[in-house]
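Student: For reference, the structure I am asking about is given below.
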Amino acid sequence: KKMEYVNRVFTVNSKMQKNINSYFKKEKALLLPNCINFKNFKSTSKKNTTKFKIGTMCRLVEKKGIGQLIKLFKEIPDMDLVIAGDGPLMEYFKKLAHGHNNIKLLGWVENKKNFFSQIDLFCSSSKIEPFGLVLLEAMARGVPVISTNCDGPNDIIKHDYNGILFNKDNFNELRDNLYKLKNNLSLRKKIIKNGLDTIKKNYTIETYTE
């Protein structure tokens with residue numbers, strides 16, 4: 001309701017744009033997604049490791065879905081999960097993952113380039129995600145992405161084209177898609193290529209400026 005007193009609202013996802021415009025019955029909200037300085041990113045080649053490794057990076061709070069992600073990887077020991085980030089649920093997640101050597105909580109990571117160079121796939125398990133800047137950071141580095149189908153990722157990712165989307169309430173679907181990507185190198189390569197094209201076309205500072 002406070003938006004009555006402003007002329008324009010910038011939103012970072014199309015769902016919020018539609019909600020605001022529907023509420024006011026006019027075009028008050030304009031879509032202006034986040035962006036990155038693409039020149040600062042270089043594709044990374046994963047260091048040789050034997051196991052398929054999935055990485056995630058976020059603040060360790062409930063809405064990021066990390067608890068469900070850890071529970072899933074406790075059931076799939078043939079893949080590794082590395083979690084970058086800190087937050088109030090760190091100790092709880094450490095206890096949840098205890099005894100499972102395929103799950104590692106790294107804490108806050110300063111060197112993102114090194115983190116992304118160690119993973120085969122980036123996963124966002126958020127229940128709520130207004131945008132998802134870290135998805136752009138992964139795609140710009142040539143890392144394929146998989147994400148819940150919440151607001152921001154729905155705008156960024158086209159399923160099976162530049163990434164994979166799964167239902168945010170269905171981690172069995174996530175497991176199936178993880179194996180699909182693990183066993184299909186050509187699909188991963190397609191997603192990487194299309195991900196880089198998506199960034200260049202839609203999410204650079206130059207595009208944002210225009």
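Student: Pick from segment 136-150 the residues that are part of a helix (DSSP H, G or I) and within 10 Å of the chain's Cα centre (by Cα): which of them is surrounded by the fewest Cβ atoms within 10 Å (Cβ to Cβ)?
Tutor: Glu137
Student: What residue, among those in segment 177-210 that are within 18 Å of the chain's Cα centre (by Cα) and of a type in the set (S, T, N, Q), is most open to solvent (accessible area, probe 1.4 Å)?
Tutor: So the residue we want is Asn202.
Student: On to the next question. With the requirement that a residue be in a helix (DSSP H, G or I) and among the hydroxyl-bearing types (Ser, Thr, Tyr), what does segment 107-132 give you?
Tutor: Listed by number, the list holds a single entry, Ser117.
Student: Evaluate segment 120-135: report whether one residue or more is open to solvent by less than 10 Å² (accessible area, probe 1.4 Å) and among the aliphatic types (A, V, I, L, M).
Tutor: Within segment 120-135 (the criterion being open to solvent by less than 10 Å² (accessible area, probe 1.4 Å) and among the aliphatic types (A, V, I, L, M)), the answer is yes, since at least one residue qualifies.
Student: Would it be correct to say that Ser43 is touching a Gly at 6+ places or on another chain (Cβ under 8 Å), hydroxyl-bearing (Ser, Thr, Tyr) and either open to solvent by less than 90 Å² (accessible area, probe 1.4 Å) or without any contact (Cβ under 8 Å) to a residue 12 or more places away in the chain (or both)?
Tutor: Yes: the conditions hold for Ser43.
Student: Separate question: Filtering segment 25-38 down to residues that are open to solvent by 40 Å² or more (accessible area, probe 1.4 Å) and farther than 24 Å from Ala138 by Cβ, which residue is nearest to the chain's Cα centre (by Cα)?
Tutor: Per the criteria, the residue is Leu30.
The values are calculated or read from the model by the stated rules, or taken from the named source; none is laboratory data. All of these numbers come straight from a predicted model, not from anything done at the bench. Using ideal geometry, Cβ is built from the backbone for each residue, glycine included, and neighbour counts are taken over all protein chains shown. Areas reflect the complete protein model, heavy atoms only, side chains present, ligands, DNA and RNA absent. Shrake-Rupley method; radii C 1.70, N 1.55, O 1.52, S 1.80 Å.
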